[in-house]
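The next block holds one structure in the form of structure tokens; read it before the comments.
The values are calculated or read from the model by the stated rules, or taken from the named source; none is laboratory data. None of these values were measured; they are calculated from a predicted model. Ideal geometry is used to build each Cβ from the backbone, glycine not excepted, and the neighbour counts take in all protein chains shown.
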Amino acid sequence: MAKSGKNKNVDRTDAEGRLIVATNRRAHFDYEIVDTWEAGIQLMGPEVKSLRDGRCNLGDAFGTVFRGEAWLEKMHISPYEPATRANPTDPQRRRKLLLHRSEIDRLDGRVHEKGLTLVPLVVYFRHGRAKVELALARGKHRHDKRETIKRREGDREARRAMRRHTR
């Protein structure tokens, strides 16, 4: 049985031509997004192969600025089996984010404000390079989350009513 080179989970492209690998679906629910940045990720060869197979999880991931460099912590990239048998690596290791110096300085200043954190939203490929969309976010309180749920359910009901009306 021949294997195809592409994974069905990764064959998603958006309007900007990005090949989306993983999304952080809870980010918009748990955080209020203040601003976003696009950053490159410094990866090892087997990690790129795993990303191309769609084997990435952003569930617990967050960004930090340490000693003038931006890092992505706790992003889980499953090991690519054929390449990691000889020398296995930690799937949740720190990965360096590739940003301009001015962007890192701006992020560092904003992260030190009260209640702001760096959250990865999407991991994708653009022109063959692995990128991550980082969001500067503020955590939502429980009542904010309830409002989000109410708004979402209201929108859903309105769409249903419009569909029934147009039939």
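A few remarks follow.
- Tally of residues being more than 16 Å from Val34 (Cβ to Cβ) and either buried (at least 21 other Cβ atoms within 10 Å of the Cβ) or touching a residue at least 60 places away in the same chain (Cβ under 8 Å) (or both) across region 115-144: 9
- The residues listed here are Arg93, Arg110, Arg138, Arg142; of these, the one that is over 13 Å from the mean Cα position of the chain (by Cα), under 26 Å from Ser50 (Cβ atoms) and of a type outside the set (Asp, Glu) is Arg93.
- Total residues in region 49-73, condition farther than 14 Å from Thr117 by Cα, outside any helix (DSSP H, G or I) and more than 11 Å from the chain's Cα centre (by Cα): 6
- Taken over region 108-139, the residue count meeting the criterion of being charged (D, E, K, R) and in contact with a Phe, Trp or Tyr (Cβ under 6 Å, 6 or more places away or on another chain) is 1.
- Of everything in region 51-102 that is among the polar types (S, T, N, Q) and modelled with pLDDT of 90 or more, the residue that is nearest to Leu121 (Cα to Cα) is Asn57.
- Only one entry in Ile104, Ile33 is β-branched (Val, Ile, Thr) and within 30 Å of His143 (Cα to Cα), namely Ile33.
- Check on Glu16, acidic (Asp, Glu) and at pLDDT 90 or above: no
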